[in-house]
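Peer 1: Could you have a look at this structure, given as structure tokens, before my questions?
The values are calculated or read from the model by the stated rules, or taken from the named source; none is laboratory data. This is a predicted model, so every value here is computed, not measured. Virtual Cβ from ideal backbone geometry, glycine too; neighbours counted across all protein chains shown. For accessibility, only protein heavy atoms count, side chains too; no ligands or nucleic acids. Shrake-Rupley method; radii C 1.70, N 1.55, O 1.52, S 1.80 Å.
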Protein chains: 4
Amino acid sequence: MKDNIIGFYEQTRLRSLSLCEPLEIEDYVPQPVVYVSPAKWHLAHTTWFFEEFVLKPFDKSYKLFQESFCFLFNSYYNAVGTRVSRHQRGDLTRPTVQEIYAYRQHVDDAMHRFMSHGELGQHILNLIELGLNHEHQHQELLITDIKYVLGQNPLFPVYKKGYNLTNQNNFCEGFLKVKEGLVDIGYGGDNFCYDNELGQHTVYLQEFEISKALVTNAEYLEFIEAGGYLKSEFWLDDGWTWVQSSEVHSPMYWHNKNGSWYHYCLSGLEPLAPHEILAHISFYEANAFATWKGYRLPTEFEWEAASERLEWGQRWEWTSSAYLPYPGFIIQDGAVGEYNGKFMVNQMVLRGASSATSPGHQRKTYRNFFHPQYQWQYSGIRLAK
Amino acid sequence: MKDNIIGFYEQTRLRSLSLCEPLEIEDYVPQPVVYVSPAKWHLAHTTWFFEEFVLKPFDKSYKLFQESFCFLFNSYYNAVGTRVSRHQRGDLTRPTVQEIYAYRQHVDDAMHRFMSHGELGQHILNLIELGLNHEHQHQELLITDIKYVLGQNPLFPVYKKGYNLTNQNNFCEGFLKVKEGLVDIGYGGDNFCYDNELGQHTVYLQEFEISKALVTNAEYLEFIEAGGYLKSEFWLDDGWTWVQSSEVHSPMYWHNKNGSWYHYCLSGLEPLAPHEILAHISFYEANAFATWKGYRLPTEFEWEAASERLEWGQRWEWTSSAYLPYPGFIIQDGAVGEYNGKFMVNQMVLRGASSATSPGHQRKTYRNFFHPQYQWQYSGIRLAK
Amino acid sequence: MKDNIIGFYEQTRLRSLSLCEPLEIEDYVPQPVVYVSPAKWHLAHTTWFFEEFVLKPFDKSYKLFQESFCFLFNSYYNAVGTRVSRHQRGDLTRPTVQEIYAYRQHVDDAMHRFMSHGELGQHILNLIELGLNHEHQHQELLITDIKYVLGQNPLFPVYKKGYNLTNQNNFCEGFLKVKEGLVDIGYGGDNFCYDNELGQHTVYLQEFEISKALVTNAEYLEFIEAGGYLKSEFWLDDGWTWVQSSEVHSPMYWHNKNGSWYHYCLSGLEPLAPHEILAHISFYEANAFATWKGYRLPTEFEWEAASERLEWGQRWEWTSSAYLPYPGFIIQDGAVGEYNGKFMVNQMVLRGASSATSPGHQRKTYRNFFHPQYQWQYSGIRLAK
Amino acid sequence: MKDNIIGFYEQTRLRSLSLCEPLEIEDYVPQPVVYVSPAKWHLAHTTWFFEEFVLKPFDKSYKLFQESFCFLFNSYYNAVGTRVSRHQRGDLTRPTVQEIYAYRQHVDDAMHRFMSHGELGQHILNLIELGLNHEHQHQELLITDIKYVLGQNPLFPVYKKGYNLTNQNNFCEGFLKVKEGLVDIGYGGDNFCYDNELGQHTVYLQEFEISKALVTNAEYLEFIEAGGYLKSEFWLDDGWTWVQSSEVHSPMYWHNKNGSWYHYCLSGLEPLAPHEILAHISFYEANAFATWKGYRLPTEFEWEAASERLEWGQRWEWTSSAYLPYPGFIIQDGAVGEYNGKFMVNQMVLRGASSATSPGHQRKTYRNFFHPQYQWQYSGIRLAK
């Protein structure tokens, strides 16, 4: 077990660095919109987790790398003073990228010593496992945030040649029918899961059908060409307000040049491939498309009940379920307890996983969630009826 | 049946006027915030419903009162042009209140003729019934919007002496336990209900307990005095953002003068009565109070399952359920179809009814909904665990 | 002198009422934008001036009409508390219009008694004269604010048939040349003037030419048709930002219907008459027009030096002068001292007078001033070179 | 002459690089507020000037470094498309700092060749001189923008030890009296000046007195301690609005820790030295201080008339003059003509120079200008009466 956790730790920490390998120093800095954090912030914040929740309380020999980092890389550090707020992560040029790499090394060395020599109780193992899953989550955000930073640059810089996370196709077609009845929802196993998946419980589902394939670029283009972004009748009221105020008229990263569609990928600006699976849409767009098509989105329970008979994992799939607690959900005490519960309003659940999800960070019970207007994740559409 | 509908029509239409009877002409005009519509707009818009959906399509002899009203009092008239938007309802001084009363009279006369002489098919009867329920809803908004307009005036004008809709007390105490199992949710009867209540379906509920009493002013004051509005740990993340940006530190209409609490009622500014049932709180406040108290809010399904053994009807009760479609929910064609479905995102369900709800406009299956930050309804808290 | 002041008082006070005579009660209420005050606020605020600065300090027998009015109609009452700010004047439905008329009557009666019986020292006479000039200013704002309220209503209501303040023509043409040299600027007489006109002083002017005619609608249409609103090169930097963010593309109240131009007047929506003098433009537009035409706006000193040889009084004429103190300008002590000085930044001077200016409220030394983006005054363009 | 211009070119271009020498790569990137541009943008934009206005039109052998830079580093490139606006300069991580240094080298090499071999007509020499003065201006902005970026970081990073541009003291005291009469204003010499200084003209000045010393930190602290930021009576109306909405309560970079005042300097966070000359205040603050003290700010003409008998050059001195054209001011044709004229509204003139001004970039006729709310320049106060 101790060897397992050390291996898991090293592999996970290394992957974060490898994702940043193609970056220039400048790319680590900006926060172009409030929900896109700088790469250097992700690298530091995931490190801070281990320092704050493992080393500080349990490793008496641990020496802080630098005291100020405790509040700089707390994701709640905006509460600490009036001069630094979440909106200003991109304005902090110091600590430098190099200092943050040194910080990671310092904490990794300490964690290695701690994991190798200490007697790790279950509680500590759980915290480390949580920290590594936390880092998995930030790895996906690293990719989507880097894509945002590069993708809004008029030079459309290449992140890495041939690295294109949106070029998947469907292998199945048609609808799967699921009979009415009771199903168990939520995680019931012995391995790691988040608190929001716990509280396995019975749910009664009506009969439904769910599509085996995800919506493709070509299908979504039909919606655009049918005036989908111009007609309020397909949209939820808040969605229509969003379309008008943000002047969105396509998925994120799509560009129309002289009548031809291109999209920005991590491999650069490329012609849009019609049969590839659609990505980078908001819940509002997913819902409007489904309405236009005469279908609906599945609930998260329907998705989970059908998941073993579906192919999934290329796109996060918007569901029609709001992100709410399962029965018996209890917020844990302390800062770790702030993990999931406090976001349970105004967000929609996405199920599945995406091509940007860290390997091993997939579960059929996994509940991802975002505000309904966000497009920058690798999000797609599965229809139901 | 024809007599019934005529009686129902007259009684309902009269009630709207009677609610406005204590108003001065000036009170009909402003829209102090975008979600509070002017009284004269409510009177005209409810009238427009009958003109647009009943008289124009079905009464060939009907002559429009004035053509411009068709777009002025369409609740979607903001789509019609750039010069009038929903935000500007309070800037339209014309048509005058007197003209709107004349408009009501014109439409009421036509409706009376139409209902008396015509052969009313079921479809038409349904539309009239929908229009009258629509007017019931606007009657409650009339009251809450009038209270908003008067309540933000530093003179605290009296709407009507002795007319105080917040002076109810609890008659029960303790918790009701409900066993795990299957329950039927949604409207299954033959009378009127909204489309969002239809699709009666089976839901599996875990065992729960639900409070027989609603939270009182005194209990909520404890929360305030315990620093409830100052500690982020009780709040959902979006709720905490709301508290800070809107600088809320009490329920709406509460005023602290030299250490004593008062609240504005339709009968004027009055000392806060500790044992009366709390009103005018947002979902964020309801949820923070429940968290602080170590409880939670009930789901809308738990509420409906327990409702026959509870006393309710004085306050709209915030539930922990997001406002989402029931299985099989289908949006009806045409403008009437926009009634409910398009609001099914970012809003929370309230169950029950309030002291401001029109008589007869109560059902245990009724699903009210508002955005989680709104305080201006007669909304309260019932706890669950 | 005593008779003069009583006559002046009665005539002035009566004129305010007569301007409101065509209004419906509803028209007195809204504040559609922050710089447009409700008619009822103007009527009360001008009354409050006499109560606050004359009756309260000097008439021992005076009884306040109502104590709350002291802060409600102070133009700085937004500083008094958090619940009423300048932005919310339009939300205050009480006191009613009728109560405000009663307030005027109460103060007018008291002033009549006071002026008839008291021994009026020069200081008091000066205050009354200031109050009446203050009311003149608000009379012009009354007209422009009423026009704004009615003019943004899609029904384009008629204020008064035949009452059209924009139908003047030029009677002169060509340019007037003024030689280089010293001129005296500022008020040097014995009658009333504002503090911002005082401090008569010598200014050295270079030779200049100034147009005898004001710019007409037809001339301004050429600018529009030449793409004036689409080309940044004619605009000051802040002006171009204003054009883009406010989406202005014509003078205020102009409407293009199927290729023909109309404008809203107090007499209703009317076809634009090409030879009438242009009105309702901002400083930014005036300056852009002059730049496009190869001219410039005159300075306020050039205007004053040439004024006796020019025809003026139909439009406020934007000058190229920022509103700044004259040499030796001293802000008077106390609240009356706040009259003019505190606005001396970010505003541009307008000279002359308009067709909406109260009779007798014209002087060649008069310095009007507004922020450069405001269009709602009867403002026009005189060119210089 | 040719040697002179080459030497001037090399010295100027080198100085920009030397100002950036202490920076980390990350420091070149952010734009924390819209008026603070990234260091890398300054380096590129000043280079673009020579490419666009000298090399492209006059050096036929010149090859563009990269075509996209033509619009990326045009200060008006926000007009070019919807995807890049002035607000997003800080989001552009590419081109990298290294590429921008290569761009500078490329243009410098080309300029060197061009200046060495070509026959440089007067027009070209003028353009080069303008470009170098343009770079001088950006050098001062480089310093103030770098200070802003570092100064809002809670770590208060040191730019360079001992490099403290605010530690000057006054050497004079008392007031200088200047007699009434005619003075010549504006540049009349043969060397370089900006278009806004031209049009030397006669101005008639009233007698005035002007302080020989600038206001110190100690004097300004008295204003703070007297409640200067809490009392509206000292402030212009727009200034008071600014104080309240921006929650300013001291000069920029001042911090009060447990009752002691510190200020951020380029040498780090240091205790405030009372006798040093005040810096980093807005026009609103300068004007409020003068009002509180019973004085006023000088006009720009008074300043220029007295300048030869004053010590100046440590701080930009706010005057009471709005930034307006001199008589006969003509905007030059073409893009270079946009240099100054289009900013002539809503800004106030500052005279003198600061400790951050490039050597040689000082003239008594120099007219600097900023919006009245900006604090981030090395701006101070000289009183007049």
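Let's see how each residue does on (1) over 21 Å from the mean Cα position of the chain (by Cα); (2) without any contact (Cβ under 8 Å) to a residue 60 or more places away in the chain; (3) open to solvent by 20 Å² or more (accessible area, probe 1.4 Å); (4) within 13 Å of chain B (Cβ to nearest Cβ):
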| residue | (1), (2), (3), (4) |
| --- | --- |
| A:283 | no, no, no, yes |
| A:291 | yes, yes, yes, yes |
| A:300 | no, no, no, yes |
| A:308 | yes, yes, yes, no |
| A:316 | no, no, no, no |
| A:324 | no, yes, yes, yes |
| A:329 | yes, no, yes, yes |
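Peer 1: Related question: Being among the acidic types (Asp, Glu), away from chain D (no Cβ under 14 Å), assigned to a helix (DSSP H, G or I) and open to solvent by less than 20 Å² (accessible area, probe 1.4 Å) is true for just one of A:135, A:129. Which residue is that?
Peer 2: A:135
Peer 1: In the list A:58, A:65, which residue meets the criterion of being open to solvent by 50 Å² or more (accessible area, probe 1.4 Å), touching a Phe, Trp or Tyr at 6+ places or on another chain (Cβ under 6 Å) and outside the structural domain of residue A:357 (by TED's automatic domain parsing)?
Peer 2: Checking each option against the conditions leaves just A:65.
Peer 1: Also, quick follow-up: Given the criteria under 30 Å from residue B:22 (Cβ atoms), among the β-branched types (Val, Ile, Thr) and either open to solvent by 50 Å² or more (accessible area, probe 1.4 Å) or modelled with pLDDT of 95 or more (or both), does residue B:243 qualify?
Peer 2: Here the answer is no, as residue B:243 does not meet what is asked.
Peer 1: Let me ask something else about it. Being outside the structural domain of residue D:360 (by TED's automatic domain parsing), at pLDDT below 95 and open to solvent by 20 Å² or more (accessible area, probe 1.4 Å): is that true of residue D:191 here?
Peer 2: For residue D:191, the condition - outside the structural domain of residue D:360 (by TED's automatic domain parsing), at pLDDT below 95 and open to solvent by 20 Å² or more (accessible area, probe 1.4 Å) - is not met.
Peer 1: When residue A:249 is evaluated against the numbered criteria (1) in contact with a Phe, Trp or Tyr (Cβ under 7 Å, 6 or more places away or on another chain); (2) touching a residue at least 40 places away in the same chain (Cβ under 8 Å); (3) open to solvent by 10 Å² or more (accessible area, probe 1.4 Å), which criterion, by number, is the only one it fails?
Peer 2: Of everything listed in (1) in contact with a Phe, Trp or Tyr (Cβ under 7 Å, 6 or more places away or on another chain); (2) touching a residue at least 40 places away in the same chain (Cβ under 8 Å); (3) open to solvent by 10 Å² or more (accessible area, probe 1.4 Å), residue A:249 misses just condition (2).
Peer 1: For a quick check of your reading of the model, give me the residue pairs whose first member lies in segment B:219-235 and is within 11 Å of chain A (Cβ to nearest Cβ), whose second is modelled with pLDDT under 95 and loosely packed, with under 15 Cβ neighbours inside 10 Å, with beta-carbon atoms closer than 7 Å and at least 6 apart or on different chains.
Peer 2: Within 7 Å, the pairs are B:232/A:79.
Peer 1: Conditions first: (1) at pLDDT 95 or above; (2) within 10 Å of chain A (Cβ to nearest Cβ); (3) open to solvent by 30 Å² or more (accessible area, probe 1.4 Å). Residue B:338 passes all but one, so which condition is the exception?
Peer 2: Of everything listed in (1) at pLDDT 95 or above; (2) within 10 Å of chain A (Cβ to nearest Cβ); (3) open to solvent by 30 Å² or more (accessible area, probe 1.4 Å), residue B:338 misses just condition (1).
Peer 1: Quick check, is residue C:52 charged (D, E, K, R), surrounded by 15 or more Cβ atoms within 10 Å (Cβ to Cβ), away from chain B (no Cβ under 13 Å) and out of contact with any Phe, Trp or Tyr (no Cβ under 8 Å at 6 or more places or on another chain)?
Peer 2: The answer is yes for residue C:52.
Peer 1: Restricting to segment A:260-288, give me the number of residues that are of a type in the set (Asp, Glu) and farther than 15 Å from residue A:165 by Cα.
Peer 2: 1
Peer 1: While we're on this one: Looking only at segment D:356-385, which residues are closer than 24 Å to residue D:293 by Cα and either touching a Cys at 6+ places or on another chain (Cβ under 7 Å) or charged (D, E, K, R) (or both)?
Peer 2: Selection gives D:382, D:385.
Peer 1: Same structure, new question: Out of the residues in segment A:252-263 that are open to solvent by less than 30 Å² (accessible area, probe 1.4 Å) and under 17 Å from residue A:380 (Cβ atoms), which is nearest to the chain's Cα centre (by Cα)?
Peer 2: Per the stated criteria, the residue is A:253.
Peer 1: Moving to a separate point now. Among the residues of segment D:274-294, which ones are in contact with a Ser or Thr (Cβ under 8 Å, 6 or more places away or on another chain) and not hydrophobic (A, V, I, L, M, F, W, C)?
Peer 2: Hits for segment D:274-294 are D:274, D:275, D:276, D:280, D:282, D:287.
Peer 1: Related question: Report those helices (runs of 4 or more DSSP H) wholly inside segment D:211-320 carrying at least 3 residues which are within 25 Å of residue D:359 (Cβ to Cβ).
Peer 2: D:300-306
Peer 1: Does residue D:199 satisfy the condition of being of a type in the set (Gly, Ala, Ser), within 14 Å of chain C (Cβ to nearest Cβ) and without any contact (Cβ under 8 Å) to a residue 40 or more places away in the chain?
Peer 2: Here the answer is no, as residue D:199 does not meet what is asked.
Peer 1: Another one. Does residue C:165 satisfy the criteria of being under 30 Å from residue C:129 (Cβ atoms), outside the structural domain of residue C:310 (by TED's automatic domain parsing) and either of a type in the set (Lys, Arg) or modelled with pLDDT of 95 or more (or both)?
Peer 2: For residue C:165, the condition - under 30 Å from residue C:129 (Cβ atoms), outside the structural domain of residue C:310 (by TED's automatic domain parsing) and either of a type in the set (Lys, Arg) or modelled with pLDDT of 95 or more (or both) - is met.
Peer 1: In the list A:44, A:39, which residue meets the criterion of being modelled with pLDDT of 95 or more, among the small types (Gly, Ala, Ser) and touching a Cys at 6+ places or on another chain (Cβ under 7 Å)?
Peer 2: Just a single option satisfies the conditions, and that option is A:39.
Peer 1: Something else now. Of all residues in segment B:113-126, which are part of a helix (DSSP H, G or I) and open to solvent by 80 Å² or more (accessible area, probe 1.4 Å)?
Peer 2: Within segment B:113-126, B:113, B:117, B:122, B:123 qualify.
Peer 1: Might you check whether a residue that is among the aromatic types (Phe, Trp, Tyr), closer than 30 Å to residue D:156 by Cβ and either assigned to a helix (DSSP H, G or I) or within 12 Å of another protein chain (Cβ to nearest Cβ) (or both) occurs anywhere in segment A:86-109?
Peer 2: Looking for residues that are among the aromatic types (Phe, Trp, Tyr), closer than 30 Å to residue D:156 by Cβ and either assigned to a helix (DSSP H, G or I) or within 12 Å of another protein chain (Cβ to nearest Cβ) (or both), one finds at least one in segment A:86-109, hence yes.
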